[in-house]
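The values are calculated or read from the model by the stated rules, or taken from the named source; none is laboratory data. Here the structure is a predicted model, which is why all the values come from computation and not from measurement. So basically every Cβ, Gly included, is an ideal-geometry build from the backbone, and we count neighbours across all protein chains shown. Surface areas here come from the heavy atoms of the whole protein model, side chains and all, with no ligands, DNA or RNA. Shrake-Rupley method; radii C 1.70, N 1.55, O 1.52, S 1.80 Å.
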Amino acid sequence: QVHLIESGGGLVQAGASLRLSCAASGRTFTNYGMGWFRQAPGKAREFVATIDWSGGTTIYADSVKGRFTISRDNAKNTVYLQMNNLKPEDTAVYYCARGGSMYTYTSSHAYHYWGQGTQVTVSS
């Protein structure tokens with residue numbers, strides 16, 4: 001069984017930074033790509049960022065490119081999302097997810113396990 005637990009969300013003002021963490025259980029964390037998604041009220045869940053098993057390949061949604069950075073520490077079974085210059089439109093519940101293989105994926109259908117989400121609220 002795989003468990004993903006997100007943390008680090010909160011209420012911040014526009015322009016601030018937050019770092020989300022996602023701690024994964026299981027000994028096979030290093031074998032899988034990981035992703036971050038978000039869902040704002042009344043909207044569909046959308047892709048934010050993904051990272052492959054080694055951390056060598058990352059992909060970002062255009063809306064966050066240049067502001068967000070995904071990274072991972074395989075020794076700690078943890079994936080991070082550093083979010084800088086936050087905007088009100090970044091307000092959403094952020095979810096981390098584990099992919100079905102070692103690669104990067106932008107589609108939510110490629111992810112087999114999901115965390116419970118952490119709320120990020122950015123005020124203007």
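For (1) more than 20 Å from W114 (Cα to Cα); (2) part of a loop (DSSP other than H, G, I, E, B), each residue gets a yes or a no:
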{"position": "G15", "(1), (2)": "yes, yes"}
{"position": "R19", "(1), (2)": "no, no"}
{"position": "G35", "(1), (2)": "no, no"}
{"position": "P41", "(1), (2)": "no, yes"}
{"position": "F47", "(1), (2)": "no, no"}
{"position": "I59", "(1), (2)": "no, no"}
{"position": "V79", "(1), (2)": "no, no"}
{"position": "V93", "(1), (2)": "no, no"}
I'd like to check something: does the stretch 85-101 contain any residue that is touching a Phe, Trp or Tyr at 6+ places or on another chain (Cβ under 8 Å) and open to solvent by 60 Å² or more (accessible area, probe 1.4 Å)?
no
Tell me, yes or no, whether the stretch 2-11 has at least one residue that is at pLDDT 95 or above and in a loop (DSSP other than H, G, I, E, B).
yes
Taking the stretch 1-53 and keeping only residues that are charged (D, E, K, R) and either out of contact with any Asp or Glu (no Cβ under 7 Å at 6 or more places or on another chain) or more than 15 Å from Y94 (Cα to Cα) (or both), one is left with E6, R19, R27, K43, R45, E46, D52
Let me confirm something: among A40, A44, which residue is out of contact with any Gly (no Cβ under 9 Å at 6 or more places or on another chain), open to solvent by 30 Å² or more (accessible area, probe 1.4 Å) and among the hydrophobic types (A, V, I, L, M, F, W, C)?
A44
